[in-house]
Amino acid sequence: MRIDRWRGCVVAVAALLIGSALPAMAQDAATIAAQGNGKGAAPCQTCHAPDGSGQASGGFPRLAGQNAAYLQSQLDAFAAGTRENAVMQPQSAALTEAERQALARYFSAMPAVATPGAAGTAPYADPEHLGQMLATRGRWSKQVPACEQCHGPGGVGVGAGFPPLAGQSANYLAAQLKAFRSGTRHNDPMGLMRHIAQALDDRDIDAVAHWFAAQPFPPKESRP
């Protein structure tokens, strides 16, 4: 009986500690997002906005509503130097692994909205519907599959490996495609994005980036 009571007490205390740690972790993430961590990491909201929607003019992406595992993998890649960015590398390196995990969960839980001004202040001129063609059909003559084959219909994202493109900043999307094309970004699985981006010229990239930026971003429950 004493052993059973001891086991029951251990389980109860463990549950209490875990339960109290979760709100603390969420609070820590909210504090870092708003104020930084006091150890070299600046407030996330400075570039990504208080609601995680990003800033289109600066090319800062939306974080809100992204897959938590994807967000953490990118923060880890910045910290390790396997994804290059002059701003995000020192920022991520100043975060502990636990802080990166907490921030990924924090932003993932935010309501997802399109980045304000994502598609630009004026409609993007694409009379040949080049962006839509690349997004929905690809260009098989150059071994370029449709973006939707990996990123889902309308670019809503699929799991942890293929992030949402819909409603993301056109500036950010174009910059990433160009980084993959030049090889300065090289943390893509099996070099898939580098292969695709190398088959696209600047006009292709701008067109497909603006097409995805103009697409509505649905809530999590309706995504693949």
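The values are calculated or read from the model by the stated rules, or taken from the named source; none is laboratory data. Computed from a predicted structure; not experimentally measured. Backbone-built Cβ (ideal geometry, glycine too); neighbour counts: all protein chains shown.
Looking at the stretch 115-130, is at least one residue crowded, with 22+ Cβ neighbours inside 10 Å, touching an Asp or Glu at 6+ places or on another chain (Cβ under 9 Å) and modelled with pLDDT of 95 or more?
No, there is no match, as no residue in the stretch 115-130 is crowded, with 22+ Cβ neighbours inside 10 Å, touching an Asp or Glu at 6+ places or on another chain (Cβ under 9 Å) and modelled with pLDDT of 95 or more.
Would you mind stating whether A160 is modelled with pLDDT under 95, closer than 24 Å to Q72 by Cα, in contact with a helix residue (DSSP H, G or I) (Cβ under 6 Å, 6 or more places away or on another chain) and among the hydrophobic types (A, V, I, L, M, F, W, C)?
yes
Find the residue count for the stretch 113-138, including only residues that are in contact with a strand residue (DSSP E or B) (Cβ under 8 Å, 6 or more places away or on another chain), touching a residue at least 40 places away in the same chain (Cβ under 8 Å) and assigned by TED's automatic domain parsing to the domain that holds P153.
1
Within the stretch 109-119, identify whether any single residue is of a type outside the set (S, T, Y), over 17 Å from the mean Cα position of the chain (by Cα) and either on the phi > 0 side of the Ramachandran plot or in a loop (DSSP other than H, G, I, E, B) (or both), and answer yes or no.
yes
Just a yes or no: is a residue in the stretch 71-80 in contact (Cβ under 8 Å) with a residue 12 or more places away in the chain, of a type in the set (F, W, Y) and under 25 Å from P216 (Cβ atoms)?
No, the stretch 71-80 has no match at all.
I'm told S20 meets every condition in (1) of a type in the set (S, T, Y); (2) in contact with a helix residue (DSSP H, G or I) (Cβ under 9 Å, 6 or more places away or on another chain); (3) at pLDDT below 95 except one. Can you identify the failing condition by its number?
The number of the failed condition is (2).
Starting from residues that are outside any helix (DSSP H, G or I) and surrounded by fewer than 16 Cβ atoms within 10 Å (Cβ to Cβ), keep the ones in the stretch 200-221 and report whichever is modelled with the lowest pLDDT.
My answer is P219.
Can H210 be described as touching a residue at least 24 places away in the same chain (Cβ under 8 Å) and in contact with a helix residue (DSSP H, G or I) (Cβ under 9 Å, 6 or more places away or on another chain)?
On the way: touching a residue at least 24 places away in the same chain (Cβ under 8 Å): yes; in contact with a helix residue (DSSP H, G or I) (Cβ under 9 Å, 6 or more places away or on another chain): yes.
Spelling it out, H210 is indeed touching a residue at least 24 places away in the same chain (Cβ under 8 Å) and in contact with a helix residue (DSSP H, G or I) (Cβ under 9 Å, 6 or more places away or on another chain).
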